Amino acid sequence: MIVTVERSTLAAAAKAARNHAATGKDAGVLGMVLISAEPDGAMSLAATDMTRRFEVRFEAEVTRAGSALLPAVELAALADRATEGSQVRIEIDYPSPATARAGRSRWRMPVDQAENFPAWSGALTPPFEMPAGALRRLFSRTLFAAERTGGSSYFLMGVHLRLTGPADALRLVAVATNGHQLAIADCLAPAGSGGLPDGGVTVPDDAVKDLLGMLPKESSDPAAVAIGEHDLTVRFGDWTYYTRLIDGSFPDYERVIPPETGPLCTMPAPALRAALGRIEPMADMHSEKGPSTTYRVRRVEIDVGPSDEAADDGRPAMRLTAAGPDGRQAEDEIAVEWSGVDAWRTAFNIPYLVDFAAQAEPGAIAFRVHGLGAGNGPVLVYADGDLLGVIMPLRR
């Protein structure tokens, strides 16, 4: 195989492929990229660690077509460090080492046969298309709530996708939860998505992070999505991404979403996030027991009612209090809109509130309090009127 590629084109493709190859001295062929060239000038790089696979396509000058395996790290490094504006010429004649030239620079690399690259198999449904920005939004609005510690809750370590609603008004819903907070986002189900497996699928958090890094934020260009019982494929522009799905049933999350009744507490999300940042240094990090595990929390106590300060607009206030050992304490106050008659007293884990506030910025965040008297019931969270999810209070 003999190909010539513009340096910046090869550098971008090799870097993307390297990020999906296995690492470590025992990686073997999983630490290599599959380089393929067609007579018509089409070229591709592919990498896999057996849980995911990435392919990127680009154009090159192909003198002799073929395919082979090259070390992922070394290929990315030489392409990145070759002289700016140069052309990189790669020659491969297995079993001899591969050579690469750019300007006056020359490199030699080990090579392996393309046949040794692991095949990717999976029964997939026909793909459907949706705007890349809409797909990214489903993931970006929910991933923060996914379980991170694994163990017996491994099936929560990702974002769950499923279809809900009547056949003539189907919605594609994304959900993530760690048992203490739940994030939800949805969109109109794309045409052709009805083949999504019954009960939905759960995309691993690492795969979601990969896709968030590759999908553009505000793009209406279509991304092709194919979902099977064990695999998900996303194709956008010049790349294709494959991932295994998480085995195991996702819990019935709808059971923990309380009715949309009860008083509403609304405030600017940036104001809440700033206030939490001011009091967090005084909040003690400690452990609290949940239904199935012990988790680390930074506690903030919240009181909503008449302001202690003379507010110009006379609005009620949310008072936030954090405390730690040795007499450490911090207090802050935010003017809010409160539709309740009685005061609301509760407590939350600060990082969870920060997560939701970040999703709501730069607009308003609102909390709907169900079961005001108890103070420990699940609380609905909204961003500019759209449901963001549910957060569980701490015992107070």
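The numbers here are math on the coordinates, done by the rules we state, and not lab data. Bear in mind that the values here come from a model prediction, so they are computed numbers and not experimental data. Because the Cβ atoms are built from the backbone with ideal geometry, glycine has one as well, and the counts that use them run over all protein chains shown.
Descriptive notes on the structure:
- Rounded tilt (10° steps) of 72-81 against the dominant C-alpha axis of the chain: 90
- Relative contact order [Cα under 8 Å, 6+ residues apart], the chain, whole percent: 12
- Estimated vicinal HN-Hα couplings, Hz - segment 314-328 in sequence order (Karplus 6.51, -1.76, 1.60; Gly, Pro = x): x, 6, x, 9, 9, 9, 10, 10, 10, 9, x, x, 6, x, 5
- Sum of -39500 (n - 2.57) over DSSP H runs of 4+, divided by residues of the chain (222 nm, nearest 500): -4500 deg cm²/dmol
- Using a simple spin-label model with pseudo-atoms 7 Å out from Cα toward Cβ, Ala167 and Asn376 lie 4.6 nm apart.
- Computed label-point distance, nm, for sites Arg395 and Asn116 using a 7 Å Cα→Cβ extension: 5.9
- Take the Cβ atoms of Tyr94 and Asp386, set R0 to 41 Å, and the FRET efficiency comes out at 0.15.
- Placed amide H near Ala347: partners under 5 Å, 5+ positions off or other chain: Ile302, Leu394
- Segment 313-355 residues near the modelled Asp284 label - backbone nitrogen below 12 Å, point 7 Å along Cα→Cβ: 323-329
- R0 of 22 Å, Cβ-Cβ distance Asp198-Glu129: FRET efficiency to nearest 0.05: 0.50
- Relative contact order of segment 257-391, defined on C-alpha pairs under 8 angstrom at six or more residues apart (%): 32
- Taking 0.36 nm per residue of sequence separation and removing the Cα-Cα distance, the Arg108/Arg148 pair yields an extension gain of 10.3 nm.
- Angle in degrees between helix 7-18 and the longest Cα principal axis of the chain, rounded to the nearest 10: 60
- For the chain, built as a Gaussian network whose Cα springs stay under 10 Å, the top-fluctuating residue of Leu196, Leu188, Leu245: Leu188
- Compared with the dominant principal axis of the Cα atoms in the chain, helix 269-279 is inclined by about 80°.
- FRET efficiency for the pair Ser339 and Lys217, taken as 1/(1 + (r/R0)^6) with r the Cβ-Cβ distance and R0 = 41 Å, rounds to 0.75.
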